[in-house]
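Accompanying notes for the structure given below.
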């Protein structure tokens, strides 16, 4: 019952959560109706819009608001492991993402079928890649929310990713000149948010992406999936450790 209550509390945490879901679904439809370039693969837009920006919107202040207002003291009054609070909050986000992406996929598939636009053959793989990216971003953003006030966790992650890719472009020439580009690519691939990994998986351009199980001869899709699940688990573990070490005050900020 506690698990159900915590997951349900995540779904109904804020009214704007439902506004976000509806707005994102409308954007999928409008993009396919008005802006879809000829020959673009169905799912490419949903990958970035639903895999990165959606978890940022849904996880904004997921812990920061409760900690800043003192509400978390009410939520954790009953004796239970505080880490469960994090796990079930993250599971609630993951379930929201699952339902959302199924609805978004249905909209895209329906528009493709009606209008004959896009290439829906790999839509299922795009949606699966989007779901994996969603969970990784949600775990990282939720962990940030434990230490970042209010809803600034999403803004911090958004700015950090943008700054990272700007610096990556600026330093690319330097790394190439000094022969360290391959090392940096591997470091980013194995530890950072798996944008390139999952984008390549959805397009069928796997390469040697995963350190997890690829060397044992399993399919690249399984290797990429395991890699992303490991990253998500690491991000979540950090968040759980941060949460159980926080000292909560009944005073609001």
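The values are calculated or read from the model by the stated rules, or taken from the named source; none is laboratory data. Computed from a prediction, not measured in an experiment: that's the story for all the values here. As a convention, Cβ positions derive from the backbone with ideal geometry for all residues, glycine included, and neighbour counts pool all protein chains shown.
Within the range 67-81, residues that are within 15 Å of residue 243 (Cα to Cα) have Cβ atoms under 6 Å from residues that are at pLDDT 75 or above in these pairs: 68/149; 68/150; 72/66; 76/82, counting only partners at least 6 apart in sequence or on another chain. Scanning the range 42-77 for residues that are modelled with pLDDT under 80 and not in a helix (DSSP H, G or I) yields 42, 43, 70, 71, 76, 77.
Does any residue of the range 173-180 turn out to be out of contact with any strand residue (DSSP E or B) (no Cβ under 9 Å at 6 or more places or on another chain), modelled with pLDDT of 80 or more and not in a helix (DSSP H, G or I)? Within the range 173-180 (the criterion being out of contact with any strand residue (DSSP E or B) (no Cβ under 9 Å at 6 or more places or on another chain), modelled with pLDDT of 80 or more and not in a helix (DSSP H, G or I)), the answer is no, since none of the residues qualifies. Being modelled with pLDDT of 85 or more, in contact with a strand residue (DSSP E or B) (Cβ under 9 Å, 6 or more places away or on another chain), in a helix (DSSP H, G or I) and under 26 Å from residue 235 (Cα atoms), is that true of even one residue in the range 109-130? Yes. Filter the range 132-157 for residues that are more than 18 Å from residue 83 (Cα to Cα) and surrounded by fewer than 20 Cβ atoms within 10 Å (Cβ to Cβ) and give the result. Scanning the range 132-157 gives 149, 150, 151, 152, 155, 156. Among residues of the range 238-253 that are at pLDDT 85 or above, those with a Cβ under 9 angstrom from a residue that is surrounded by 13 or more Cβ atoms within 10 Å (Cβ to Cβ) and in a loop (DSSP other than H, G, I, E, B), sequence gap 6+ or separate chain, pair up as 239/63; 243/63. Applying the criterion of being more than 16 Å from residue 108 (Cβ to Cβ) and surrounded by 15 or more Cβ atoms within 10 Å (Cβ to Cβ) to the residues of the range 15-25, the residue that is modelled with the lowest pLDDT is 17. Within the range 135-168, the residues that satisfy the criterion of being at pLDDT 90 or above and part of a loop (DSSP other than H, G, I, E, B) are 148, 151. Restricting the range 209-229 to residues that are within 18 Å of residue 192 (Cα to Cα) and modelled with pLDDT of 80 or more, the residue that is farthest from the chain's Cα centre (by Cα) is 223. Looking across the range 26-38 at every residue that is assigned to a helix (DSSP H, G or I) and surrounded by fewer than 16 Cβ atoms within 10 Å (Cβ to Cβ), the one that is modelled with the highest pLDDT is identified as 26. Condition check for residue 80 on (1) in a helix (DSSP H, G or I); (2) at pLDDT below 90: one failure, at (1).
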